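Chemist: Below you'll find the structure I mean.
The values are calculated or read from the model by the stated rules, or taken from the named source; none is laboratory data. The model shown is predicted, which means the values in this text are computed figures rather than measured ones. With ligands, DNA and RNA removed, areas are computed over all heavy atoms of the protein, side chains included. Shrake-Rupley method; radii C 1.70, N 1.55, O 1.52, S 1.80 Å.
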Amino acid sequence: MNVLIIEDDQDICHLYSIWLQECNYNYVITNNVEDGLYEYRKSLQQQKQENSDNFSNRFDLIILDYDLASKNNSHPTKNGLSIAKEILSLNKEQRIIFASAWPQKIFNDYIETLKCFIEILQKPFEKDIFIKMVQDTFVFDTLKKV
């Protein structure tokens with residue numbers, strides 16, 4: 001599994017890297033809006049250049065924080081929702097997990113805004129909950145078919 005993490009908290013990034021390494025997952029960690037979008041676009045371009053059926057460079061999952069830093073404050077109004085919108089405009093079938101301390105009720109409104117299913121992982125969370133959510137694609141796969 002290939003995972004893109006867009007998270008600006010270094011401690012959380014460290015935990016993600018430990019947990020994903022234990023599962024032998026490939027992952028890229030970015031710490032701001034621009035780098036996250038750059039990595040995502042780069043993976044799509046590599047997929048197109050190599051072979052449209054080759055998914056080895058594609059991200060199976062994006063783990064996205066809501067409150068994100070911007071490089072040099074170049075996008076102070078961008079947050080996880082705006083990044084999700086941009087990613088979904090490039091690939092409407094991208095699996096995204098919002099990992100945030102924001103109340104879940106707020107994210108229900110965001111799901112309505114994005115017009116697609118977004119998984120939500122309420123911070124703080126334990127390793128077992130994180131790994132289970134990353135590995136369990138049943139709900140996402142089922143809703144994608146609808």
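Chemist: Quick check on my filter: what residues within segment 123-132 are open to solvent by 70 Å² or more (accessible area, probe 1.4 Å) and under 14 Å from the mean Cα position of the chain (by Cα)?
Modeler: Within segment 123-132, none qualify.
Chemist: Filter the strands (runs of 3 or more DSSP E) completely within segment 1-77 down to those with at least 1 residues that are open to solvent by 80 Å² or more (accessible area, probe 1.4 Å) and at pLDDT 95 or above.
Modeler: 26-30
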